[in-house]
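Before any comments, here is the structure.
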Amino acid sequence: MNRATLTLAGIAAVVLLVLANSVLFVVGQAEQAIVLRLGAHRATIKEPGLHAKMPFIEDVYRYDLRLLSLDPLAEQIILNDNKRIEVDTYTRYRIADPLKFFQALRTERQASIQLNQIVSSALRRVLGQAMLPQILSDERARIMEDIQKEVAEQALQYGVAVVDVRIRRADLPEETSQSIYDRMKSERERQAKELRAQGFEWSQQIKARADRERTVILAEAQKQANVARAQGDVESAKVYNEAYGRDARFYDFYRSLEAYRKALGGGETTMVLSPDSDFFRYFGNGPGRR
């Protein structure tokens, strides 16, 4: 085989490769494709494998058949109760109609931009009608369903099927959180001062009531003691009177002995009295002699 024949064979092989590359194309397991003939739709291919197209007049556009993710940046939204929150969401979607997707968006990057706007609009509309306690309660699931439903309905016009829209995080903005924290701290300090003042007032009232009750109890006890003492004095006088009435001379003698014991019992008492003083009338004489 001479050089010319080899050259022609090489050229033929290159031509065949170019033609094969122009005619045949492969659709992967995770891909789907549309075939356009001079800009008009000819076929939509969702089965993987080797397929053919007419060279030069037909073009193939491939799109992912798997679930795609949209993770936009967090944005601030004003709720119905004028609370401002920072919402971080994620969206899962797939290209359901590649032809409509091509006609409306063409690329996945453009799809991300458009879906981001749809999700942001739905978030602002739905959350704008909700209160902060609802976002933090069991009603959050219903709110997310409303958001997902609205996003899914709007995305259908672009050939996109939205599978899920979720709020990953919903927090107050940093400056708002700090402001609320400062306000809560001031409120707690005010309540603490009120409670301390109220406790001091209650303490003073309890002490005053205890002092008043103590005074009343002591006065009542003193009164009862005086009454008991007076009753004792009366009983004592009655006993003395009864004893005196039974034997007046013996009673005088007994009282005189008591006086001697008290006056002379210490042993250090010096008394200067006349022997015939009435104080010594019983010295040397019993109660039967005077």
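The values are calculated or read from the model by the stated rules, or taken from the named source; none is laboratory data. All values derive from a computational prediction rather than experimental measurement. Note that we place each Cβ from the backbone using ideal geometry, even for glycine, and neighbour counts take in every protein chain shown.
Give the residues of the stretch 72-92 that are among the basic types (Lys, Arg) and modelled with pLDDT of 90 or more, sorted by residue number. Steps first, please.
First pass over the stretch 72-92, keeping only residues among the basic types (Lys, Arg): 83-84, 92.
If the condition is that a residue be among the basic types (Lys, Arg) and modelled with pLDDT of 90 or more, then Arg92 is the only one that fits.
Sort through Asp146, Asp171 and tell me the only one that's of a type outside the set (Lys, Arg), over 26 Å from the mean Cα position of the chain (by Cα) and closer than 26 Å to Asn116 by Cα. Before the answer, list the steps.
Working: Asp171 fails: over 26 Å from the mean Cα position of the chain (by Cα).
It is Asp146.
Out of Gln231, Gln222, Gln205, report the one residue that is over 60 Å from the mean Cα position of the chain (by Cα), modelled with pLDDT of 75 or more, surrounded by 10 or more Cβ atoms within 10 Å (Cβ to Cβ) and of a type in the set (S, T, N, Q). Give the steps one after another, and end with the answer.
On the way: Gln222 fails: over 60 Å from the mean Cα position of the chain (by Cα); Gln205 fails: over 60 Å from the mean Cα position of the chain (by Cα).
One residue alone meets the criteria, Gln231.
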Those residues of the stretch 1-29 which are surrounded by fewer than 10 Cβ atoms within 10 Å (Cβ to Cβ) and either at pLDDT 85 or above or in a loop (DSSP other than H, G, I, E, B) (or both), in sequence order:
Met1, Asn2, Gln29
